[in-house]
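Working notes, beginning with the structure itself.
The values are calculated or read from the model by the stated rules, or taken from the named source; none is laboratory data. The structure presented is a predicted model; accordingly, all values stated were derived computationally and were not measured. Neighbour counts are summed over all protein chains in view; Cβ atoms, including those assigned to glycine, are modelled from backbone coordinates with ideal geometry.
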């Protein structure tokens with residue numbers, strides 16, 4: 001089946017194009033052409049002036065739509081997360097497992113692998129956020145479950161590199177050879193929940209770490225005499241995720257990070273069950289998290305993920321942070337796709353790319369989403 005998306009402001013990943021249509025056939029983008037070149041014989045979907053962008057790519061999603069990956073390991077929960085994502089323009093995501101025990105890590109791998117096999121590019125592979133973290137920077141993670149990455153568990157990660165695509169760890173507690181081995185296996189090593197100094201973080205980056213988890217949060221800060229992990233990220237121009245919900249990071253810090261990291265700063269939601277759901281609390285690995293005014297926090301006030309969606313993050317970047325629409329959309333689509341070496345598959349509206357697209361109106365309400373060629377209108 002071939003159809004055209006018309007009457008939209010098309011952001012192709014580089015430019016905002018007015019007066020253009022996007023043609024889709026068999027789940028792939030075939031061309032981006034001036035409106036007048038669209039044959040009247042082709043079915044057209046009028047987007048009523050919406051912005052049409054490449055679909056959003058979320059590299060850190062703990063849960064949404066009322067469910068979490070932790071606690072109930074099922075492809076059903078992953079499908080609920082996917083359907084909730086579609087409503088907010090996210091077409092591709094990394095389900096993220098919070099620090100837990102070895103048995104539940106195995107369950108998560110098996111469930112995510114099964115979901116990947118049946119959902120094409122939707123599921124980008126499992127992100128293990130822990131358990132190989134720093135107790136000093138544990139955040140909401142359970143201290144009792146944080147542990148060392150031994151050779152047996154390294155073998156587990158390497159043997160399951162088809163399903164595990166990202167691991168967040170504290171480099172001060174992991175051998176550099178381990179980081180190199182993970183990279184060699186195709187697993188993205190991300191610095192996070194770490195109290196490393198600048199030298200330790202730099203050595204980890206040189207060994208193969210390629211990303212940073214929720215920039216500024218749960219990592220050693222930049223000071224005058226010790227640049228810390230934040231300084232190492234900036235100095236080495238590392239890809240980094242950032243949570244732009246108005247709670248995790250000050251708007252000025254978002255602007256500073258964007259100015260320094262440019263095309264390597266990626267929007268992530270770090271979303272929990274509260275995102276896209278009308279709930280007041282949820283379970284976070286045995287700990288009650290309260291949701292109030294869009295903030296998720298434990299009984300001691302520690303932030304426990306977010307209630308953020310990607311379309312809200314884009315809106316916040318434009319309206320609160322003051323970034324351009326172009327930059328904000330790239331941070332939500334092209335840059336994260338590039339960070340995981342998938343920018344030849346998605347992140348742009350370009351002939352030959354899989355149809356992963358989202359459209360939203362001037363109030364940032366998603367009006368259409370196409371995920372792996374499957375179209376949903378709202």
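Quick look at the values:
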{"item": "Complete set of residues in region 175-210 that are more than 19 Å from residue 162 (Cβ to Cβ) and either part of a strand (DSSP E or B) or out of contact with any helix residue (DSSP H, G or I) (no Cβ under 7 Å at 6 or more places or on another chain) (or both)", "result": "175, 177, 191, 192, 194, 199, 206"}
{"item": "Residue 41 surrounded by fewer than 21 Cβ atoms within 10 Å (Cβ to Cβ), more than 24 Å from residue 241 (Cα to Cα) and outside the structural domain of residue 283 (by TED's automatic domain parsing)", "result": "yes"}
{"item": "Residues satisfying the stated conditions in region 154-168, i.e. touching a residue at least 24 places away in the same chain (Cβ under 8 Å), more than 19 Å from the chain's Cα centre (by Cα) and over 14 Å from residue 108 (Cβ atoms)", "result": "154, 158"}
{"item": "Residue ID - nearest to residue 309 (Cα to Cα), chosen from residues in region 357-367 that are in contact with a helix residue (DSSP H, G or I) (Cβ under 9 Å, 6 or more places away or on another chain) and surrounded by 20 or more Cβ atoms within 10 Å (Cβ to Cβ)", "result": "366"}
{"item": "When residues of region 99-139 are limited to those that are in contact with a strand residue (DSSP E or B) (Cβ under 6 Å, 6 or more places away or on another chain) and assigned to a strand (DSSP E or B), the one nearest to residue 216 (Cα to Cα)", "result": "129"}
{"item": "Among the residues listed as 326, 348, the single one being in contact with a strand residue (DSSP E or B) (Cβ under 9 Å, 6 or more places away or on another chain), in a loop (DSSP other than H, G, I, E, B) and at pLDDT 95 or above", "result": "348"}
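Rundown of residues vs (1) over 27 Å from residue 239 (Cβ atoms); (2) without any contact (Cβ under 8 Å) to a residue 60 or more places away in the chain; (3) surrounded by 15 or more Cβ atoms within 10 Å (Cβ to Cβ), yes/no style:
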site: 282; (1), (2), (3): yes, no, yes
site: 298; (1), (2), (3): yes, no, yes
site: 315; (1), (2), (3): no, yes, yes
site: 323; (1), (2), (3): no, no, yes
site: 340; (1), (2), (3): no, no, yes
site: 352; (1), (2), (3): no, no, no
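Residue-wise test of (1) more than 22 Å from residue 243 (Cα to Cα); (2) at pLDDT 95 or above.
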residue	(1), (2)
69	no, no
73	yes, no
90	no, yes
95	no, yes
114	yes, yes
138	no, yes
